Amino acid sequence: MEVIDERSVREQFAAIVASPIFAQAERLRSFLQFVVEETLQGRGDQLKEFVVGIEVFDKTDSFDPRTDATVRVHAGRLRSKLQQYYAVAPHNAVLIELPKGSYTPRFSRVQPGSPRSAPQEPPAAMEQPKIALAVLKFEDHSANRDQEYFCNGITEELIAALTKVDRLRVVAWKTDRQFQQGYGDFLTIGEKLHIDIVVEGSVRREDNRLRIAAHLIRVADRSYLWSEIYDRKLQDIFVIQDEISSAIVDTLKVRLAIGPAQKSAERATNNLSAYKLYLKGRYYWNRRSERDLKAAVEHFENAIEREPNYALAFAGLSDAYTLLGNYGALPASEVRPKARAAALRSVEIDRTLAEAHASVGHVIATYDWNWAEAERQYERALALNPGYATAYHWSAVTSLSPMGLLGEAISRIQEAQALDPASVSINRDAAVIMYYRREYDRVIQQCQQTLELNAKFWGAYWVLGLAYQAQSRFEEAIAAFRQGLSLSGGSPRIQGALGHVYGLANDRESAQKVIDGLAELAMTRYVSPFETGYVYAGMGEIEIAIEWFRKAASICCFDMIAIAVDPRFDRVREHARFKSLLQQVQSAPRTSHSISEADELERSAAHG
């Protein structure tokens, strides 16, 4: 075997980390640099998981690789990135690889025809260019305009079916048509989202009958590739969905010579009543307000009552509960056991369901604060369904960001945006990650783009206010928070942010009024301790603020999840008591009932 000299290895390393494949992977670049340098210095035999955790991931001496999978998760990602890089690298390039089960890299020369230069699963760069297809939300043409949830269901089913087709890059464009109109005609949509083909349609319901129209349109010249109208009974909806997706796939295969579709998964339920309730639950869940999330819980529970083994409904129920906790509508102590039980039941019913694993990951991330293990569940979800935007979204916000992997978090949230560009919650959280990175001008721009999608989305005004506040543009911050407060119906999260900026602006009287108002509100509903602490931090009452933050951490308030990177803690970050709190959060017990139970369920299912 050829001996590779040190200079060649260093030159190859520089080429790898400068490549587009590693552009957003800051921590993976550091990982690779550390193990390569240690090996070149003759210390490769000392590269153990504990050492990598300490040196690359800033772990403390209490780091226990048996319960914290951070290093293993990122080692797997690094191997995948390296495989992508070498799939298109010159045949005489120096091969730097990280063998499975080891953290000591091997150096060799890529040879023509070698297995390494032709991996069994070539990355997207080696495949034929994918055709970008957008599925627009079907319009409700019913007389009472009361079938929007049903239109969402058809849209989701088509997206799920079309993502299984080779050479298709499927994009969801599910926002309301009133916001789509702001983007103009199909040509404009195509320009903004780089779309080749659009699927659109409509639904009209009259009594127990449906008329569904579906069209396949080429963006470049607005020509119709296919169009069909289906008149069926309501109970035939599952057949109609299959007919439409099959017709679209067949048309694309003939016109565009795309590959075959993968085998579709079994339908989650054939119970029409339960299915309709599930669709209504997801419809309300997507609206994200406190009232809508509670309505989502009710619909998911009713769906489960009609179909006790409905895995998707259990996943939806878990997701609704976790968001009620994350948004500060209900205390974590109330939603955690319900969310965990529903997520585990979803995995128990169907361990191949991406939504189920994402739900488990979300519970682990937000209530167990075991971010590395949560990331493992998100990775499992994405392996099962690479088109599931929610898994990319939650991975970025609830696991990568808390671990301080903000470069990778940005990359992940951008993948979510590419799959579902019209999602206001994904776009808002893209701004949140930019806020964590202190990129305040980008935050403002992202929030403005989010408000173009939905001018009434209060979450965008909240992040916008935070960015203005970070730039000491207090009047603009106050205006943004007040607008968000009005649209949210008085969200405690917005009240806390408003009180904080009053404190920064030396308006202590207004800040104190916010504190008093939160105390009064807490007599009738749940209010996160974080909000009161945040106002005190703005007033410069650091000791009091930290005490409230300590209370928030003790009950797993969602706002404490990114304590290591969140600029909202900058005023207290250097205080000794806060440093102690930060260490406490980062070394929180990593044992997770969700993890062990989910793993046990998978093992049991695998062995029959």
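The values are calculated or read from the model by the stated rules, or taken from the named source; none is laboratory data. Please read all numbers here as calculations on a predicted model, not as lab measurements. No Cβ is skipped: glycine too gets one built from the backbone with ideal geometry, and neighbour counts run over all protein chains shown. We work out accessible area using only protein heavy atoms, side chains counted, and drop any ligands, DNA or RNA first. Shrake-Rupley method; radii C 1.70, N 1.55, O 1.52, S 1.80 Å.
Table for the structure above
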quantity	calculated
Helices (runs of 4 or more DSSP H) (entirely within the stretch 1-77) containing at least 2 residues that are of a type in the set (Gly, Ala, Ser) and modelled with pLDDT of 85 or more	6-17
Filter result for residue 439 (in contact (Cβ under 8 Å) with a residue 60 or more places away in the chain, open to solvent by 40 Å² or more (accessible area, probe 1.4 Å), on the phi < 0 side of the Ramachandran plot and of a type in the set (Asp, Glu))	no
In the stretch 573-588, the residues that are modelled with pLDDT under 90, open to solvent by less than 60 Å² (accessible area, probe 1.4 Å) and either outside any helix (DSSP H, G or I) or not hydrophobic (A, V, I, L, M, F, W, C) (or both)	588
Enumeration of residues in the stretch 272-318 that are more than 23 Å from the chain's Cα centre (by Cα), in a helix (DSSP H, G or I) and over 23 Å from residue 488 (Cα atoms)	272, 273, 274, 275, 276, 277, 301, 302, 303, 304, 305, 306
The stretch 564-578, residues that are touching a residue at least 60 places away in the same chain (Cβ under 8 Å) and of a type outside the set (Lys, Arg)	564, 565, 566, 567
Matching entry among 204, 169 (being outside any helix (DSSP H, G or I), on the phi < 0 side of the Ramachandran plot, at pLDDT 80 or above and open to solvent by 70 Å² or more (accessible area, probe 1.4 Å))	204
Matching residues in the stretch 513-536 - criterion: being assigned to a loop (DSSP other than H, G, I, E, B) and not β-branched (Val, Ile, Thr)	522, 523, 525, 526, 528
Those residues of the stretch 210-252 which are among the charged types (D, E, K, R) and touching a Ser or Thr at 6+ places or on another chain (Cβ under 9 Å), in sequence order	211, 242
The stretch 406-421: number of residues that are more than 20 Å from residue 357 (Cβ to Cβ) and open to solvent by less than 10 Å² (accessible area, probe 1.4 Å)	2
Index of the failed condition, residue 408 passing every other in (1) farther than 20 Å from residue 320 by Cα; (2) of a type outside the set (Val, Ile, Thr); (3) at pLDDT 95 or above	(3)
Matching residues, the stretch 18-46, being surrounded by 19 or more Cβ atoms within 10 Å (Cβ to Cβ) and among the hydrophobic types (A, V, I, L, M, F, W, C)	21, 22, 25, 28, 31, 32, 35, 36
